[in-house]
Amino acid sequence: MTTRKSPNCARCVKGDCHAPSKAGQPPPMDKLAAFCPMKNLPGVIKKAVAEYARPEVKEFARLASKQEFECYERLPDGLRPKNPRILELIQFAQKCGYKKLGIAFCVGLRNEARTLTEILENNGFEVVSVCCKVGAVAKEDIGIKPEEKIAGPENWESMCNPIAQAEILNSEKVDLAVMLGLCIGHDTLFIQYCLRPMTVIAVKDRVTGHNPLATLYTSSTYYARLMGKAKKKPPPPF
Ligand code: SF4
């Protein structure tokens, strides 16, 4: 029995799918890695690519790709990125003709939500926003024990309510929902229930200033413990 290798692009060294080649000449595909989905799942890829034939999907994908292109300036010494994500949000929403944006934010980022609202309004958008604690539902209602409340057993604590956040933005018919700093898991529920086009400005990471990649960038030093047993050497003491 032949067993198919699971897709593992993260371990690919050759990168045949994006190897340098001339326009109109796809990169050679004769020596794909054993785990390459182009080798093992061509039917899935073919079906996915067919989706771009739908006019609205094709147009959306074209605008996204154009946005990607415009994020670089071409200088004599090469490409240089130029646009931060917030500016990209504005530019992409304008490209799509969006008028009404909806921010779903974590209460811990209420100041950031206010600043983002001001920036977006100053750039001509109508902005609505919903905080994660909307509804003021007690955490006990989802089975949280008193000793599991951050505010302490003796205090009221509203649960995060990403389903209500999503449903409110659905009912407001926002052109684009923007996630700002929702916790892990709560963001999963929001994504599950949000029926509007959606993007993410930030994810919650309390320790790194909402930049989870900082942990990856320091995974050979300060966060070496996350690599598990394979990584025995402790980081240098500085
Ligand atoms: S699609 Fe294939 S070639 Fe491209 S990164 Fe994944 S494994 Fe590598």
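Rule-based calculations on the coordinates, nothing more; no lab input. As the structure is a prediction and not an experimental result, all values here were calculated from the model. Here the Cβ positions follow ideal geometry from the backbone for every residue, glycine too, while neighbour counts run over all protein chains shown.
Quick look at the numbers
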{"read-out": "Distance (nanometres) between label positions extended 7 Å along Cα→Cβ at S21 and Q192", "value": "4.0"}
{"read-out": "Partners for K39 among lysines (Cα-Cα distance below 20 Å; same-chain residues under 8 apart left out)", "value": "K5, K14, K31, K47"}
{"read-out": "Whole-Å semi-axes of the stretch 1-64's equivalent ellipsoid (Cα gyration tensor)", "value": "25, 17, 11"}
{"read-out": "Candidate aspartates and glutamates - alpha carbon under 13 Å from K99, same-chain residues fewer than 8 apart omitted", "value": "E121, E126, E172, D175"}
{"read-out": "Acute angle (nearest 10 degrees) that the helix 55-69 long axis makes with the longest principal axis of the chain, alpha-carbon atoms", "value": "90"}
{"read-out": "Most to least packed among 56-65, 201-210 [average Cβ atoms within 10 Å]", "value": "201-210, 56-65"}
{"read-out": "Listed peptides 121-127, 15-21 by packing density, highest first (mean Cβ within 10 Å)", "value": "121-127, 15-21"}
{"read-out": "Percent of C-alpha pairs per 10 Å bin, the chain, short to long", "value": "6, 19, 26, 27, 17, 4, 0"}
{"read-out": "Helix axis angle, 162-171 relative to the chain longest principal axis, alpha carbon, degrees", "value": "80"}
{"read-out": "Spatial extent of the stretch 130-238: Rg and Dmax, with the Cα atoms as the point set, Å", "value": "18.1, 54"}
{"read-out": "Leading residue at positive end of dipole, the stretch 1-79 (Cβ point charges), from F60, C17, Y72", "value": "C17"}
{"read-out": "The chain: angle of helix 110-122 to the longest principal axis, Cα-based, in degrees nearest 10", "value": "70"}
{"read-out": "Beta bridges by DSSP in the stretch 37-142, antiparallel share as percent, to the nearest 5", "value": "40"}
{"read-out": "Reachable aspartates and glutamates, given that their alpha-carbon falls under 14 Å from the alpha-carbon of K66 and they are not under 8 places away in the same chain", "value": "E88"}
